[in-house]
Amino acid sequence: MADLILHHYATSPFSEKVRLILGYKKLAWKSVIIPQIMPKPDLMALTGGYRKTPVLQVGADIYCDTALICDVLEHLAPMPSIYPEPGKGLARTIAQWGDNAVFWAAMAYNFGGTGAADLFGKAPPEAGKAFAEDRKAMSVNMVRHRPADAAAAYKSYLRRMSDMLDDGDYLLGALPTVADFACYHPLWFTRKRTPSRAGVLQLTPAVVDWMDRMAAIGHGEMVVSDANHAIEVAKSSQPQSLLSDSAFQDEHGLPLGSMVSIVSESFGPEPTEGELVAATRTHYSLRRTDERAGTVQVHFPRIGYSMRAAG
Ligand SMILES: N[C@@H](CCC(=O)N[C@@H](CS)C(=O)NCC(=O)O)C(=O)O
């Protein structure tokens with residue numbers, strides 16, 4: 001099988017979710033660092049428009065969104081499972097809560113007060129401004145929490161996690177599941193990137209102990225790579241999806257072979273266009289050709305993404 005190439009950057013919380021799952025599953029991977037803000041021409045040669053972080057590449061297959069990346073990693077290394085039975089539905093549901101409700105409350109809290117200075121205090125003023133403008137453009141059509149509102153929500157969520165930890169070392173028992181990885185990464189950002197705001201974590205000591213256990217999992221076996229290599233790999237590979245479900249199931253009235261456009265329902269309005277080659281219960285796959293990357297397949301989860309006829 002082709003190497004796993006993760007397109008990410010060090011400070012990205014969703015990337016930390018995937019890095020830890022790579023570590024938990026003891027997978028080897030190549031690291032390509034991408035910019036934190038637009039433009040991202042090398043990433044877009046692969047994705048065709050999707051600009052969020054991280055993206056997993058395996059040969060000429062490009063997997064967008066960590067929910068889908070988790071499914072690919074589970075397929076590649078089923079043990080230890082991040083969706084153990086019984087209760088995998090519950091694990092996925094709590095993961096969705098972590099990636100959405102917890103993430104946005106935590107981010108609003110992190111960037112409030114002294115948090116922005118933690119992040120950009122040492123950088124030139126243009127860097128903070130460029131970041132703010134980039135994220136504002138991504139947030140079009142989104143209601144963002146204000147820091148004062150987010151603080152209470154974040155504290156409630158931390159207490160809920162603390163309650164869940166009453167019965168085991170991890171949120172759903174003795175072992176980590178996808179729920180732990182998804183709930184951990186926003187808190188990791190608080191601790192690592194906005195340390196002056198991290199006192200909030202001390203209100204729930206059981207959560208801090210759990211965070212230490214999560215951090216100890218590590219990132220697996222990583223080798224530094226670069227975008228030119230990744231694009232070369234895509235160009236010299238044939239698309240071959242690793243996603244196990246392939247039966248066509250769709251409600252859009254768009255047959256396979258249609259030219260379609262896929263866009264995130266919130267945060268990051270950049271569409272990816274291509275020929276629809278799979279629409280299954282759980283994901284969409286588009287085929288597209290890029291002058292640098294050749295013919296690639298770009299995969300998206302269905303939850304959180306909207307599909308339309310192109311044009
Ligand atoms: N639902 C997406 C969310 C990814 C996401 O929002 N990532 C942040 C960074 S942690 C992002 O893309 N920020 C803008 C950027 O990196 O360009 C996923 O699970 O992958």
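A few notes on this one:
- Hits in the stretch 192-204 - residues which are farther than 19 Å from residue 176 by Cβ, assigned to a helix (DSSP H, G or I) and of a type outside the set (Lys, Arg): 195, 196, 198, 199, 200, 202, 203
- Members of the stretch 272-301 found to be touching a residue at least 60 places away in the same chain (Cβ under 8 Å) and within 15 Å of the ligand (Cβ to nearest atom), listed by number: 272, 282, 283, 298, 299, 300, 301
- Subset of the stretch 165-201 [touching a residue at least 40 places away in the same chain (Cβ under 8 Å), among the hydrophobic types (A, V, I, L, M, F, W, C) and more than 16 Å from the ligand (Cβ to nearest atom)]: 165, 171, 172, 175, 200, 201
- Answer from 165, 201, 187 - the residue that is over 21 Å from residue 11 (Cβ atoms) and among the hydrophobic types (A, V, I, L, M, F, W, C): 165
- Qualifying residue in the stretch 120-139 (condition: touching a residue at least 40 places away in the same chain (Cβ under 8 Å), within 16 Å of the ligand (Cβ to nearest atom) and either not assigned by TED's automatic domain parsing to the domain that holds residue 206 or not in a helix (DSSP H, G or I) (or both)): yes
- Sole residue being buried (at least 20 other Cβ atoms within 10 Å of the Cβ), near the ligand (Cβ under 8 Å from one of its atoms) and closer than 19 Å to residue 301 by Cβ, chosen from 21, 62, 69, 82: 69
- Residue 46 in the same structural domain as residue 8 (by TED's automatic domain parsing), within 12 Å of the ligand (Cβ to nearest atom) and under 21 Å from residue 239 (Cβ atoms): no
- Strands (runs of 3 or more DSSP E) within the stretch 251-311 that include 3 or more residues within 16 Å of residue 52 (Cα to Cα): 259-264, 294-301
Results for (1) under 23 Å from the mean Cα position of the chain (by Cα); (2) under 30 Å from residue 159 (Cα atoms); (3) not assigned by TED's automatic domain parsing to the domain that holds residue 20, shown as yes or no for each residue.
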site: 252; (1), (2), (3): no, no, no
site: 265; (1), (2), (3): yes, yes, no
site: 285; (1), (2), (3): yes, no, no
site: 304; (1), (2), (3): yes, yes, no
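The values are calculated or read from the model by the stated rules, or taken from the named source; none is laboratory data. None of the values given here were measured: they were computed from a predicted structure. Counting neighbours? That spans all protein chains shown, and the Cβs are built from the backbone with ideal geometry, glycine included.
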